[in-house]
1. Along the Cα-to-Cβ line of R450, 7 Å from the Cα, sits a label point; which residues in the range 93-123 have backbone N less than 16 Å from it?
2. In terms of the ratio Rg/(2.2 N^0.38 Å) built on C-alpha atoms, what value belongs to the range 386-480?
3. Give me log10 I(q)/I(0) at q = 0.14, 0.18 Å⁻¹ for the range 252-291, Debye formula, one equal scatterer per alpha-carbon, no solvent.
4. With a Förster radius of 25 Å, plug the Cβ-Cβ distance of Q34 and N377 into 1/(1 + (r/R0)^6) and report the FRET value to the nearest 0.05.
5. Aspartates and glutamates within cross-link reach of K723: Cα-Cα under 14 Å, excluding same-chain residues under 8 positions apart?
6. Enumerate the amide H contacts of L105 below 5 Å, restricted to partners 5 or more residues apart or on another chain; note that Pro and chain-start residues carry no placed amide H.
7. In whole angstrom, how far apart do the alpha carbon centroids of the range 128-190 and the range 459-510 sit?
8. Just subtract the alpha-carbon distance of L252 and L545 from 0.36 nm times their residue separation and send over the number in nm, one decimal.
Amino acid sequence: MEIPSKYNPKHVEDKWYSYWMERGFFRSVPDSRQPYTIVIPPPNVTGVLHMGHMLNNTIQDILVRRARMKGKNACWVPGTDHASIATEARVVAKLKSEGIEKKDLTREKFLEHAWEWRHKHGDIILEQLKKLGASCDWERTKFTMDDEMSESVIRVFVDLYNKGMIYRGIRMVNWDPQALTAVSDEEVVYREVGSKLYYVNYRIQGEEGHVTIATTRPETILGDTAVCVNPADPRYRNLAGKKVYVPMINRLVPIIEDDYVDMEFGTGCLKITPAHDINDYEIGIKHNLPSIDIFNENGTLSEQAQLFTGIDRFKVRELVVKKLEEEGLLVKTEDYVNKIGYSERTDAVIEPRLSLQWFVRMKQLAGPALDNVMNDNITLCPPKFKNSYRNWMENVRDWCISRQLWWGQRIPAYYYGEGQNYVVAESSGKALELARQKSGMPDLQLTDLRQDEDVLDTWFSSWLWPISVFDGIRNPDNPDIKYYYPTDDLITAPEILFFWVARMIMAGYEYRNEKPFRNVYLTGIVRDTKRRKMSKSLGNSPDPLHLIEKYSADGVRIGMLLCSPAGNDLLFDENLPEQGRNFANKMWNAFRLVRSWQVDPDARPGKASEMAIVWCYERIKQGILEIEEAFNQYRISEALMTAYKLFWDEFSSWYLEIIKPEFQKPIDRRTYQATLEMFEVLLRILHPFVPFITEEIWHLLKERPQGFSLMYEKAPSVKPFDKEKVRRFEQVKDIVAFIRNTRVEKQIPNKDKLTLCIKRVDYDGDFDPVILKLGNLEEIRIISEKVEGAVSFITSYAEFYIPVGDLHDHEEELKKLHDELEYNRGFLATVMMKLNNEKFVSNAPAQVIELENRKKADAETKIRAIEERIASMK
C-alpha cells in the first residue's frame, strides 16, 4: 500500500469522522455493560466555538473515548441551552436591523422570529464540535426548550410551588436595565471601578445646621426617605428624632439610628434609599420607611424622582452634581474605588430595584447538596473549590427565577378576577379547574385567565439537565434514567460552580434522591500569554476552527491539554497546537519508517534488538500504570504528557534507534513483529487524545475486518513491570549521552570507534549490546583502577572512562569534575532541606519520602566518587 510521505489531517479527519458516524459508533443504548455517562454543559444557542469550549470538550471526549476502550457503554449527551437573555437580545437586534421593534409585535409573532433564529443558528456550535472529533451520541441531542424538556421544567415549577418552595413577592432584585429583566445574584459580575465619593449637606429642619453624608450615587438622593446614624456615634447624639430636607427637592425625612452604619465610612452619616440599595431596603423594612422608586425599567428617571424625568441615570448623576454645586450643597468630592455589579449577560451596570418576582426557597434544597460535596460523595477536582462551595451554600439566598422576557418557559401561573388572585398549574385546562375551585366561581372560562407574562430563568431549565436529558422528570422509572443516572463526570468551569453545578446537585437530590454526577472536574480559564482572559473585544481569542485548519484537530487537542491542570488557568500560545501537530507528524514519520523496512524471515535478532524489546515492553507497561494513576486523579494533562513522551522519547527516539537496521539491510521478523505489536499498544494508549491519526495508522498497520474501529479496541490494562529493567535502561541513557557528548567535545567523528571502560559499583552489563551499538564502540572493558588520559563520567552506580589519548585535557577534566561536584552538593542540600523539614516529612506520602531518601543516597555516593577522582588527579 502506498503511504503518503506527508500526513494529510484534513482528509483523514473528514474520512474517519464520517466513518464513525455512518456506523453509529457513538450511539449508546442501555445494555448489560457498565455505563459511563457524561452530559455536555450545554452551550448557548447564540454561541460559536471558543477556546473554553475547545478545552472543555477535548477533556470530555478523552474521558468518553477512554471509557469505550475500557469496555464501558459510553454515553455522551450533547445539547444546547436556550439562553433567554442572550438569545432575546440577538433576536431584538436582528429585528431592529430590519426596522421592526419588539414592542410592535405580539408575543406569538416575536416567538415565531425567535424560533426561526434558533433553527437557523442554534446548532452551529454542535456542528463545530464535530470538527474537534467530539464522539457525542448525536441522536440524543437535546435543546432546553424542546417540548419534553419544557414540560419537565413546568412540572418542577408546579411541584415546588405546591410544596411551598416557590413563592411570589416584592423583593430587592438585580435589575438589568438593558435586557429589561431581573437577574439572579450569580449573574452579577463585580468589578473594582474608579469612582467618586460625593459629600453633600442635608439641612436640618428648624436649625441653621446641617448633616453631611457621603455617597457614590448622588442621583439616588431623589429617592431618599431617611438619614441614618449609628446610636454609638457621639458626633450625632443630638440629632435623634430630628428631620432633614432632601437636597434639591426639599422632602422632609427623619434622622434614624441603626448600628448597621459604619462610623468610619465617609462622615458616619448614611442616606437611606430603600428602593435602590439592598442594605437600605433592609433598614427601610426595619424602620418602616417608605420606598420611592425613582427609576424606570430602562434606567431613566421616573416621575417619582420629581426632577430629570426620562433622562438616563448616569447623565442625571452629572446633572445632580452640577445642581448641588449651584445650591451650595456639595462640600467636596474624593476619588474612590468601589465594586460595581455588571450584568453577566449584557455588561450593563446592575440597578438594585424593588420588584414583584418569583423566587425559590433555597435553604432546604441546599442541605443535601452541601453535605454530599463536603463528605466527598460528590468529588470536586481540584478540591480547593470545596471551601468556596461551602461558603456559598451556607449563605445561599432565595433564587429569583422570573425574567421579564418572552423567550423561555413561560411561568405557569394564571391570574383571574380583578386583583392578584392566581393558581399554578401545568396547563391552562388544569388552571381553569383550580381557579373555579379556589374562587368558587364555576362559570369561569379560559378567556377569564391571564397567564403570567414572565419566563423562567434559563438556569431553572438547565439545573434539571442530567435528569431531563433522560426524561427522568416526566418518566422517573424509564430505562434510560435508571441506567445512565447518576452520570459519572461533569467537566465544567469554576465560574458556573454556583450558577449551575450546585443547583444541579440540589435538583438531583430533590427529584432522584441521588447525586447527578460522581465527579466534577473544574477546568481553568483559557488566557493569553499576558494572562488576560480571551475575548473578542481584546482581539486575543483565536478562531478554533482556523486553529484546526492550520494545526489539525489532533494537534489542537494536544495543544489544549499541554498546559491545563485542573482548576488552573491555561496560558494559550499558538506554539502549543503547533507542538501537537509536530507530534502527529512524528507519529506518521515513525510509522512510515517502520513500514519501509524489508523483513528477512530467516534472520535472527541481534543482541541489542533483543534487549531493546525486553526494555521497551517493560517501559510501556510502566507508562500504562502512570497514565492510569494520572486519570484516576484527574491529572489529564499529566496522562497526556506520559503518553506523549512514551511515544516520542522512549519508542521513537530510543527503541527505534536501537532496532533500526543498517542502511538498505532488512530487519529480522521477530524484532519487526514486536515493533508492530508495541506500535499497536501505543496507538491504543494514544487514541483518546489523538483519535484521528491513531485510527488512520491503526488501519494501515495491518489489515482490519470491515467495519472495525480502534475506538472499540480494548485499552491496554495495567500489568506488573520489571522496575529493575527500566532503572537499568535509564543508566544506559546516561552512558550513551556521555559517549555522544565526549564525541562532540573532543570532535571525534561518529564513524571512529571508541572504547568504554567501566569501574563497577552497581552495574550488570545486561544492556552492553545497546551501548555498543548506539555509542559505536569497539569494546566495553571492565576495569578495577581509574584510567589516566581519559574523559570520565561518574555516577552513583559506576565510573565510566573513555580513553582519548592526546585529546585529553587534564585541567579541563578537573574543572568539569569540580563543576559536577558543586552541582551534586547543591542537589544534596536541596534534598536535605526537604528531609529536615518536619512538616514535609509528616505530611508527604511514604513513597515520596522513600524517593527523597534514595536521591540522598545516590547523591552521597556520587559525591564520594567524584571527590576520590579529583584527589587521584592532583
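1. Label zone hits: 107.
2. Normalised Rg, Cα atoms only: 1.42.
3. -0.28, -0.47
4. 0.85
5. Cross-link targets: E618, E626.
6. Under 5 Å from the amide H of L105 lies no amide H from a residue far enough along the sequence or on another chain.
7. So the separation of the two Cα centres works out to 12 Å.
8. Length gained between L252 and L545: 99.1 nm.
The values are calculated or read from the model by the stated rules, or taken from the named source; none is laboratory data. This is a predicted model, so every value here is computed, not measured. All Cβ positions, even for glycine, are placed from backbone atoms using ideal geometry, and neighbour counts span all protein chains on display. The protein model used for the area step is the full one, side chains on, heavy atoms only, and it has no ligands, DNA or RNA in it. Shrake-Rupley method; radii C 1.70, N 1.55, O 1.52, S 1.80 Å.
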